[in-house]
Amino acid sequence: MYRKSPGTRTSTSRRMLLGFVGTAWLAACGGAEGPEEPTLQHEEPTLQHEAPTLQHQNQAVTTVTLPIRINVGGGAFTDINGRPWEADRDFLGGQVLQVPDPIAGTTNDSLYQSLRMGESWLNPGIAYEIPVPGPGIYTVQLLFMEPDETVTNREMRIIAEGTTFMPQYKDLQVPLRAYTLLMDVPVRDSALNLELMADELPAVLSAIEVTASKWKWLGTSPQVSNTADPIDAPSLAVDANNRPFVAWEERPSYTSTFNVYAARWTGSAYQLLGGSLGSGTWARNPTLLMDPTGAPVVAFLDSAPSSSGTYVRVRRWNGTAWTEVGGPVSVEGQDALAVAAAMDGQGRPVLAAVMYDRARQNERIAVFRFDGTTWVSMGDIPESTSDWNEHTRHPVIAVDPSNRIVVAWDEWYGSRDFTIFEKTHVFRREANQWVRVGTPVPNGEYSGSERPSLALSPVDGTPWVAYLDYGRVKVVREQSGAWVSVAPTGLEGWPGTPHEAGPPLLRMDATGTPTVALVEGGLYNEQRRFIRKFNGTAWVPVDGRVTPFDTTFAPVSGEDVLGDMALALSTSGQPVVAMFEQDPAGPYLPRILRVRTFTP
């Protein structure tokens, strides 16, 4: 049986809230004695209404240290693991609820038995503004518990620093059970802003923990100019000491000049390696490699002032300057439209370029190998030379442990009945000829594939391909001459929401474990970046983070998001990412190129 304290009139909004949360629990909130509830199976929780003003404690304290632990809706206490938790603070809105029932899934029942809940469906949200030591990336752990035994469909939108991290958080399907959510949140100032929004049932929250993230920014930005627009197409590699090297293109504002630059992380700052790599005022599409000596090698598109077309150029950093590798790579009467590069087993670069034949007005994949002195043509790949109205794009290249070259790319086809479809092709160099690997990817009549990313097993050279299939990221691998789908479970960003993904990046570590980085949109048209690793049966979030790991997504142009992010793996298989983020000095400043590392 429950009772309300006598002598105070119950407000309309309070009565609406009590009717809303159901009969499994009711609150003591003033008014006449209420009726008995014979089906009540546990002690009644109590609701405490608080005015929606931001509550700051310890205003005189100026130094903030980690970890920060807040017992939402409750007082200060020490949990059974000896960790101290502060009393609820820094909140805006909501009301306190105390639940005496035991909580499943945890040994720290007290931490979940107090919570803050939105006041009603008219004001269902909760917000916090928590002081932190300063700008940086923080791991935020939110602890939840569903207090109403009749509710299994509570849904919340979780926002941090003004950006959605979970558009539909609806894990609270078992009442009186502990749930947790981990997020890596970049903070640009000295306050972490959290907001839990809800459309129907009010938001609930039991505790907040803030610790240093395993993601770290390396310095500020390697870029040459803070006002370059756009800054595009990063490429990333790490040396044997796990020092990142990054290459990118810049265009000074209000000019038609495009430059390619490269820099390395020294351990404390970025060192720009020389100046622009281009021979004139137009250099684009860099691919960065590391040769066996640890020297960076960059392949890119170039166009000299005296040149009538575009060609491929490869340059190597010798410690003091960029040196030419084999001279310009070109074909008479053809323009290079895109280029990809890799190192072969001898430490020499190989190239796959999309070449446009000006006479035939078609596009083809041409492959070149550096023999130590000059560039040797490996010929055009047959599939890329004949189809009507084709658009050959997005080449990728790799070399397997047997020193065989593998090339993938996608093509758009338009038939004369105006049907347009996309296919990804994979070819391997065997016995001095190009041999198709499997069938086009995918092989279904009504399936499409574009923006391939290629990785080869370091053990046996098995090709893996990640690609887009009408807005969904998929991965296949070769098996007995055919393409076999790799389990799609977990290969998504936002769980349970529409999937409008951008091009994936696939990488393979030294043990043959693949990692995929992807961009995906959600309910609120917020494209964000995610990383997933294959555990042998499913794609799982890195370190359990199902949420995105970036700040805000800001591609240079529309859906062309491939140039927005680069992925490499450290010698231990941990992700290193170069991507464009908003300037940490403030949300309204231009985006800048930044590099992140992950240390488990």
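The values are calculated or read from the model by the stated rules, or taken from the named source; none is laboratory data. Please read all numbers here as calculations on a predicted model, not as lab measurements. A quick note on method: Cβ atoms are made from the backbone with ideal geometry, for glycine too, and the neighbour counts reach across all protein chains shown. The area values use the complete protein model at the heavy-atom level, side chains included, leaving out ligands, DNA and RNA. Shrake-Rupley method; radii C 1.70, N 1.55, O 1.52, S 1.80 Å.
Within region 135-146, not a single residue is in a strand (DSSP E or B) and either charged (D, E, K, R) or touching a Gly at 6+ places or on another chain (Cβ under 8 Å) (or both).
On the stretch given as region 82-93, residues that are modelled with pLDDT of 95 or more and not in a strand (DSSP E or B) total 5. Out of region 512-532, which residues are at pLDDT 95 or above and over 14 Å from the mean Cα position of the chain (by Cα)? Result: GLY512, THR513, PRO514. Test GLN527 against the criterion of being closer than 21 Å to ARG157 by Cα and open to solvent by 20 Å² or more (accessible area, probe 1.4 Å), and give yes or no. Taking the combined requirement at face value, the residue satisfies it.
With the condition kept exactly as written, say whether any residue in region 184-194 is crowded, with 20+ Cβ neighbours inside 10 Å, at pLDDT 95 or above and either more than 17 Å from the chain's Cα centre (by Cα) or not in a strand (DSSP E or B) (or both). Yes. Comparison of GLY309, GLY345 shows that the only residue that is under 20 Å from ASP371 (Cβ atoms), at pLDDT below 95, of a type outside the set (Lys, Arg) and part of a loop (DSSP other than H, G, I, E, B) is GLY345. Taken over region 195-220, residues that are at pLDDT 90 or above, among the hydroxyl-bearing types (Ser, Thr, Tyr) and out of contact with any Pro (no Cβ under 7 Å at 6 or more places or on another chain) amount to 2. Being open to solvent by 20 Å² or more (accessible area, probe 1.4 Å) and either under 19 Å from TRP248 (Cβ atoms) or touching a helix residue (DSSP H, G or I) at 6+ places or on another chain (Cβ under 6 Å) (or both) is a property that THR323 lacks. Return the residue satisfying two criteria in turn: it lies in region 118-142 and is within 20 Å of GLN98 (Cβ to Cβ) and either surrounded by fewer than 21 Cβ atoms within 10 Å (Cβ to Cβ) or hydroxyl-bearing (Ser, Thr, Tyr) (or both), and of such residues it is modelled with the lowest pLDDT. So the residue we want is SER120.
Does SER485 qualify as being among the hydroxyl-bearing types (Ser, Thr, Tyr), on the phi < 0 side of the Ramachandran plot and without any contact (Cβ under 8 Å) to a residue 12 or more places away in the chain? If you could, list the steps in order and put the result at the bottom.
Working: among the hydroxyl-bearing types (Ser, Thr, Tyr): yes; on the phi < 0 side of the Ramachandran plot: yes; without any contact (Cβ under 8 Å) to a residue 12 or more places away in the chain: yes.
Against the criterion (among the hydroxyl-bearing types (Ser, Thr, Tyr), on the phi < 0 side of the Ramachandran plot and without any contact (Cβ under 8 Å) to a residue 12 or more places away in the chain), SER485 qualifies.
Within region 154-177, is even one residue open to solvent by 40 Å² or more (accessible area, probe 1.4 Å), at pLDDT 95 or above and β-branched (Val, Ile, Thr)? Checked against the condition, which is being open to solvent by 40 Å² or more (accessible area, probe 1.4 Å), at pLDDT 95 or above and β-branched (Val, Ile, Thr), region 154-177 yields at least one hit.
Have a look at TYR446, TYR467, TYR413 and point out the one that is assigned to a strand (DSSP E or B), modelled with pLDDT under 95 and more than 30 Å from THR547 (Cβ to Cβ).
On the way: TYR446 fails: assigned to a strand (DSSP E or B); TYR467 fails: more than 30 Å from THR547 (Cβ to Cβ).
Going through TYR446, TYR467, TYR413 in turn, just one is assigned to a strand (DSSP E or B), modelled with pLDDT under 95 and more than 30 Å from THR547 (Cβ to Cβ): TYR413.
Only one of the numbered conditions (1) under 24 Å from ALA366 (Cβ atoms); (2) modelled with pLDDT under 85; (3) in contact with a His (Cβ under 7 Å, 6 or more places away or on another chain); (4) not β-branched (Val, Ile, Thr) is not met by ASN389, and that is (3).
The residues on offer are LEU172, LEU201, and the sole one that is within 18 Å of ALA127 (Cα to Cα), touching a strand residue (DSSP E or B) at 6+ places or on another chain (Cβ under 9 Å) and in a loop (DSSP other than H, G, I, E, B) is LEU201. The residues of region 216-231 that are surrounded by fewer than 24 Cβ atoms within 10 Å (Cβ to Cβ) and assigned to a strand (DSSP E or B), listed by number, are LYS216, TRP217.
If you scan region 487-509, which residues turn out to be assigned to a loop (DSSP other than H, G, I, E, B) and either under 19 Å from THR164 (Cα atoms) or modelled with pLDDT of 95 or more (or both)?
The initial filter retains those residues of region 487-509 that are assigned to a loop (DSSP other than H, G, I, E, B), namely 487-500, 502-504, 509.
If the condition is that a residue be assigned to a loop (DSSP other than H, G, I, E, B) and either under 19 Å from THR164 (Cα atoms) or modelled with pLDDT of 95 or more (or both), then GLU492, GLY493, TRP494, PRO495, GLY496, THR497, PRO498, HIS499, GLU500, GLY502, ASP509 are the ones that fit.
Sort out which residues of region 254-269 are open to solvent by 40 Å² or more (accessible area, probe 1.4 Å) and not aromatic (Phe, Trp, Tyr), and write them in order of number.
In the first step, residues of region 254-269 are kept if they are open to solvent by 40 Å² or more (accessible area, probe 1.4 Å); the result is 254-256, 264, 266-269.
Answer for region 254-269, where residues must be open to solvent by 40 Å² or more (accessible area, probe 1.4 Å) and not aromatic (Phe, Trp, Tyr): THR255, SER256, ARG264, THR266, GLY267, SER268, ALA269.
Any residue that is crowded, with 23+ Cβ neighbours inside 10 Å and either in contact with a Leu (Cβ under 7 Å, 6 or more places away or on another chain) or among the hydroxyl-bearing types (Ser, Thr, Tyr) (or both) - is there at least one of those in region 270-283? Checking region 270-283: at least one residue is crowded, with 23+ Cβ neighbours inside 10 Å and either in contact with a Leu (Cβ under 7 Å, 6 or more places away or on another chain) or among the hydroxyl-bearing types (Ser, Thr, Tyr) (or both).
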